[in-house]
Amino acid sequence: MAYMVTYSENMSKGFMQALCPSARLRMKCRLIGCRLVLRRIYAGAEFSIERGTGEDSVPAVVWEIDEADEKDLMGYYPEGLYEKVCFSLRLEKVQIEVFMFVLRGEEPALPDEECIEKIAAAYEEHGFDFWYVEQAMDDAADSMKGGNENGALHTGTD
């Protein structure tokens, strides 16, 4: 058994059941010190995650999957495009070993309507605030216009 952390449209139960038939929802959480970002992939954009400040966080879902499904994920998340990140997730009284896939690209990009609709549905399914998605889109748009490293066009603006 393995624990996979998801933070984008792959948080939806339907998506995970299609990708990993053994997937069972274990918990909803926020990843403190991380931020949701948008990165270019081929001609489009995909949500990813990166280290942020201690004030940043990203809503996430943890799934329990079997080892066969974990091995099959490498076909969906090819190593050249994604990095498999393993870490300990600290809960109130225990720590569990988890993994997630992070897009390797760094170029900001904006998603199409279908991508936005999918992540909106996943956020709604789990009761997460859509503000995180809006912030990622604003940061990507600002970065594409020449904003600073955190996406803001001007220091002190949202």
Check your understanding: Mind checking the dipole of the chain: about its Cα centre, +1 per Lys or Arg Cβ, -1 per Asp or Glu Cβ, Debye to the nearest 20?
Key -> 460
Check your understanding: For the residue pair Asp66 and Cys86, what label-to-label distance in nm results when each label sits 7 Å from Cα along the Cα-to-beta-carbon direction?
Key -> 2.1
Point to revise | For the range 34-158, share of DSSP beta bridges that run antiparallel, in % to the nearest 5 | key: 100
**Study point:** Dipole axis of the chain (+1 Lys, Arg; -1 Asp, Glu on Cβ), positive-most option in Ser12, Cys86, Leu31
**Key:** Cys86
Check your understanding: Cα atoms only, the chain: Rg and Dmax in Å?
Key -> 15.5, 48
Exercise for review: Could you work out which residue, out of Glu50, Glu113, Glu64, moves most in a Gaussian network model of the chain, that is, has the largest mean-square fluctuation with Cα springs under 10 Å?
Suggested key: Glu113
Check your understanding: Between Asp129 and Gln95, what length in nm is gained on full extension when 0.36 nm per residue of separation is reduced by their alpha carbon distance?
Key -> 9.7 nm
Check your understanding: Which of these, Tyr77, Tyr42, Tyr132, has the largest mean-square fluctuation under a Gaussian network model of the chain (Cα springs below 10 Å)?
Key -> Tyr42
Point to revise | Cross-link partners of Lys93 among lysines (Cα-Cα below 30 Å; sequence separation of 8 or more within a chain) | key: Lys13, Lys28, Lys71, Lys84
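Read-outs: derived from the displayed coordinates by stated rules, not from any lab. These numbers come from a predicted model, not from an experiment. Ideal geometry is used to build each Cβ from the backbone, glycine not excepted, and the neighbour counts take in all protein chains shown.
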